[in-house]
Amino acid sequence: MIRNVVLDIGGVLVDYNTLDYYTARGYTVSEAEKLKAATMDSPFWKEFDIGLMPYDWIVGKMKEGCPSLASDIGKCLQDQRGIVSHRKESKGWIEAIRQKGYRVLVLSNFSQAALRDCPEALDFLGENLGGTGKMGEPGVICEGILSSHDHMIKPYPSIYAQLLMRYGLIGEETVFVDDTKENLLGAERYGIHTILFRSREQVLGEL
């Protein structure tokens, strides 16, 4: 019997912006593609999500990899407003899942910078997870793991083990919803059921 539903954030509860993050700052599509390659596609991008290395070190490594864009990289990443954007349907969707009798948690690779700079997009998170919602409010998620809080990221095994252990979850009683297949495979190794997110309606139907 399924008792728990664990939701990813980026691509599931909020829109994760890539090229449009840069075009919204006035860059052409061509310029945005170069900036994305130097930052989001860099092997150092995941360090934001892990949350162990200092911001200046991470950005410095990106600048070293693309010196011609160093000034733009620093300017674009200093304030990361718009890296994720609000989905107004998310709180109601979470509540719809709860009304089916499920306990709802989050499990997401999420940086402190995005958490700090995009509070309006994260109105479904309880205050204990760094969101703007209040613990105990209907539709607000107060349980789960954000990678930069615990310094571990999907799809590595430790993050799934920590989720199960911290919240006393049983893998066979849990469904994980993510928009990335690789992350689902990591969860399946712990006996967690998975749903590849395509739409809110599709997930509710599969549940």
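The values are calculated or read from the model by the stated rules, or taken from the named source; none is laboratory data. All values derive from a computational prediction rather than experimental measurement. Backbone-built Cβ (ideal geometry, glycine too); neighbour counts: all protein chains shown.
Checking the condition touching a helix residue (DSSP H, G or I) at 6+ places or on another chain (Cβ under 7 Å), within 24 Å of Tyr156 (Cα to Cα), touching a residue at least 24 places away in the same chain (Cβ under 8 Å) and aromatic (Phe, Trp, Tyr), which residue from Phe44, Phe48 passes?
The unique qualifying residue is Phe48.
For the stretch 89-98, check the following and say yes or no: at least one residue is outside the structural domain of Ser148 (by TED's automatic domain parsing), within 30 Å of Leu163 (Cβ to Cβ), free of Cβ contacts under 8 Å to residues at least 60 places away in the same chain and of a type outside the set (Phe, Trp, Tyr).
no
Filter the stretch 83-116 down to residues that are under 18 Å from Ala38 (Cβ atoms) and of a type outside the set (A, V, I, L, M, F, W, C), then give me how many there are.
So the answer is 1.
Which residue, of Ser158, Ser148, is within 18 Å of the chain's Cα centre (by Cα) and buried (at least 20 other Cβ atoms within 10 Å of the Cβ)?
Among Ser158, Ser148, only Ser148 is within 18 Å of the chain's Cα centre (by Cα) and buried (at least 20 other Cβ atoms within 10 Å of the Cβ).
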